[in-house]
1. Nearest 5 percent is fine: what portion of the DSSP beta bridges confined to the range 150-272 is antiparallel?
2. Report the full-extension gain for the segment Asp116 to Asp167: residue separation times 0.36 nm, less the Cα-Cα distance, to one decimal in nm.
3. Using C-alpha positions alone, give me the convex hull volume of the range 180-272 per residue in cubic angstrom.
4. Just subtract the alpha-carbon distance of Ala103 and Lys131 from 0.36 nm times their residue separation and send over the number in nm, one decimal.
5. Between Thr191 and Glu260, what is the FRET efficiency for a Förster distance of 30 Å, r being their Cβ-Cβ separation, to the nearest 0.05?
6. Tell me, what ³J(HN,Hα) does each residue in the range 105-115 have, in order and in whole Hz, if you take phi through Karplus 6.51 cos²θ - 1.76 cosθ + 1.60 with θ = phi - 60° and put x for Gly and Pro?
7. How are the alpha carbon pair distances in the range 170-230 distributed across 5 Å bins from zero to the largest one, expressed in percent?
8. At 7 Å along Cα-to-Cβ for each site, give me the label-to-label distance between Ala244 and Gln92 in nm.
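Bear in mind these aren't lab numbers, they're just calculated from the coordinates by the rules spelled out. Just so we're clear, the structure is a prediction, and the values are computed from it rather than from any experiment. Glycine gets a Cβ as well: all are built from the backbone with ideal geometry, and neighbour counts include every protein chain shown.
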Amino acid sequence: MMRKRKRLRLVRAALLLIVLACLCGLAWEYSLSVRHRRAQEELAAAAAPLGTSESVPETEEAVSEPAPEMQTQKDDTQEPAVMGKLANLYAQNNDLVGWLSIAGMEIDYPVMQCGDNQYYLHHDFYGEEDKYGCLFVKDIADVDTPGTNFIIYGHNMKDGSMFGDLDAYREEAFYREHTELTFETLYEERTYEIMAVFLSRVYQSDEEGFRYYEFYQADNEEEFLDFYDNVKALALYDTGVEAAFGDTFITLSTCAYHEEDGRLVVVAKRVG
């Protein structure tokens, strides 16, 4: 009888330790989530309201009117100024290439790019190690003069941050309430209409499959239609949004768990 009681006490103590460990883990995850959200709010506050298009001059001399005979020369050599919304953030980190937002969703983040395509998977805007990482595009993407398609990557976080919100697009009813997204580069604001939402995965080199993540430029209509037809065929529902050769896209890609190396993909067509 004494042995049974002792075993029972040990079992209860072990269960208590497990429960405490789980609670500590949840508390730690919550604290990280709160810290991340605060950091993102600070980044958003550092940027001007979406839609600001005024350039931020570096000096008073930059806004003075040049002499007529110097006007042409100045225009030929001067690089475009970063738009007001992003000028302050760009001054802090030149890896910044834009800002992605979807009205009514948590997605409202800076987008980064550097030579190491893995870096912003695990680092925040300030270069600190962070499991949330940043939204980013690979070094192959040309954001300023985009080709047919460019792809933004982000983590699918359980707390809904980063690209965690994209899971909601699996439901057509949600899509109907959130049909557009805005991507602001350093120099212009672009509007996109969501064309298709689908599930995919990363394929091994010896496997056949539609590798949406390798498509950046269609040099002819055949290449364009190969991408477009595959996207439409895989779509979870019909958005009614169509495209033709010459249109350009933005693709949002995040992890999905319907299968190993699964991906959830949102493709949107530029409309403005």
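1. Around 80 percent antiparallel, to the nearest 5.
2. 15.7 nm
3. 120 Å³
4. Difference between extended and current length: 7.6 nm.
5. With a Förster radius of 30 Å, E is 0.25.
6. 10, 6, 5, 7, 9, x, 10, 10, 7, 8, x
7. Here the calculated profile for the range 170-230 is 4, 12, 16, 17, 23, 17, 9, 2, 0.
8. In this crude label model, Ala244 to Gln92 measures out at 4.4 nm.
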